[in-house]
Amino acid sequence: MTTQDNSSDTNTNTGAHAGTGITDAAAMTLALGQAELSMYITAPNPRVGCVIVKDGRIIGRGHTQPPGGNHAEIEAMRDAAAQGHDVRGATVYVTLEPCSHFGRTPPCADALIKAGVGRVVAAIGDPNPLVAGQGMARLAAAGIAVESGLMEDAAHEINIGFFSRMRHGKPWIRMKTAASLDGKTALHSGASQWITSQEARDDGHAWRARACAILTGIGTVLQDDPQLNVRAVATPRQPRRIIIDSHLSITPQAKIMAGGGSWIFTAIDIPSKRQVLEAEGNEVIVLPNRDGKVDLPAVIAELGKRQINEVHVEAGAKLNASLIAEGCVDELLLYLAPSLIGDARDMFALPALPSLERQIRLKFHDVRQIGPDLRILARF
């Protein structure tokens, strides 16, 4: 944890700040809860929450609004003003370093300085090169006590895709699949409804909803004709749908194309087909590799350029394996049902290994039960 303190009225970050009746940790927990409220609305901006504390009481709360709207700090100050509270001298808890640059909105750091707050506690620094410590530095230069690092890991998780894009130029790629305990996703006939429970399927929709885009392959489209939208949870916007289709085999009649707005990555340009697809409001992007297939790493890089923070992959065994083999996946989201299916379709069509030394190692990040099923988050 890093600290710049320009006042003499500060205790440890996890204890109560002098003059208040709420601990820093409790206030930041509430700010993280505010950030969660913006989960589905802020992309490509980060999800940020803010809580303002004065004289031992919370006087304002807020979270980032859709792009072009207020950031969390401004919403929290407006909330305080609406309740008749003066924020001068107050402590501001925010889950991401206040911005210091003009984007769609003015700098939040300047607004906090103008409001006369006494202390700002940020969970984590902003990885955006336009900020990257400058927000906290500006506050400190104005005589405001600033601290960062409190509940940093939790704040990073909420914006894991934003951090990936800012630091590495690519979105966070989360691959979801549902299977039996013996790792089977469907019978050889294609029958898969339903291996996992309704609770697991609903949970999967919540993960869809938080993503900026849902990616699948043409094989899944032709086999299952999925909608690949969010239906089980309330969301103000649908993620963009992306199809990997090397030979541009998709038709406008596929359910995934309903409403337009899909991005189709292909290895060959067929102008007549492209024109039909684009007339329906979709976009065809030609990105071949040397083998005549779609260049998957180039797709991921392109999505980063297009300000996509998180990608939710729901594809078949072949595309799953190709994405993993080419280092394009950051995390697996697995739902395992307490059942055995036997000889059937696998989750990943990975090749046989010559030795166990070549196995792909992951780390369990989170394991919990969802209804009767097990949900595993494992990271590469």
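Each Cα pair under 8 Å and six or more residues apart adds its sequence gap; the mean of these over the residue count of the chain is a relative contact order of 15 percent.
Given a 1.4 Å probe and every protein chain left where it sits, what share in percent of the accessible area of the chain is carbon and sulfur? Answer for the chain: carbon and sulfur cover 51 percent of the accessible area. Shown here: segment 100-160, whose C-alpha atoms stretch 31, 25, 15 Å along the first, second and third principal axes, sorted largest to smallest.
Once the cut-off is 14 Å, how many percent of the Cα-Cα pairs in segment 238-282 end up in the long-distance tail? In whole percent, the long-distance tail amounts to 39. What is the list of residues in segment 306-332 whose amide nitrogen lies under 17 Å from a point 7 angstrom out from the Cα of Lys293, following Cα to Cβ? From segment 306-332, the list is 314-329.
In segment 282-380, Rg over Rh equals 1.00, where Rg is the alpha-carbon radius of gyration and Rh the Kirkwood radius from pairwise Cα distances. Prolate is the label for segment 17-111, because the ratio a/c of its alpha-carbon gyration tensor axes (a ≥ b ≥ c) is 1.5 or higher and a/b is greater than b/c. In this structure, the residue pairs whose Cα-Cα separation is over 31 Å, taken from Lys184/Lys273; Lys255/Lys363; Lys114/Lys170; Lys273/Lys305, are Lys184/Lys273; Lys255/Lys363; Lys114/Lys170. Considering the chain, its Cα convex hull presents a mean projected area of 21.3 nm². Residues of segment 310-327 with amide nitrogen under 14 Å from the 7 Å Cα-to-Cβ point of Ile360? Under cut-off, by backbone N: 313-327.
Probing with 1.4 Å while keeping every protein chain in the model, the per residue accessible area of segment 329-380 equals 65 Å². Okay, helix-only estimate at 222 nm for the chain: each DSSP H run of n ≥ 4 adds -39500 (n - 2.57), divide by all residues, round to 500 deg cm²/dmol; what do you get? After summing the helix terms and dividing by residue count, I get -8000 deg cm²/dmol. For the residues Glu280, Glu75, Glu357, a GNM of the chain with alpha-carbon springs under 10 Å puts the largest fluctuation on Glu357. Round to a whole angstrom and tell me the spacing of the C-alpha centers of segment 39-61 and segment 246-266. The distance from the Cα centre of segment 39-61 to that of segment 246-266 comes to 38 Å.
Sparsely packed loop sites in segment 102-149 (the trypsin sites (Lys or Arg not before Pro) outside DSSP H, G, I, E and B with at most 13 other Cβ atoms within 10 Å) comprise Arg104. For the pair segment 319-358 and segment 195-211, the centres of their Cα atoms are 20 angstrom apart.
The values are calculated or read from the model by the stated rules, or taken from the named source; none is laboratory data. Owing to the predicted nature of the structure, the values given are computational and were not obtained by experimental measurement. A quick note on method: Cβ atoms are made from the backbone with ideal geometry, for glycine too, and the neighbour counts reach across all protein chains shown. What goes into the accessible areas is simple: the full protein's heavy atoms, side chains included, and nothing from ligands, DNA or RNA. Shrake-Rupley method; radii C 1.70, N 1.55, O 1.52, S 1.80 Å.
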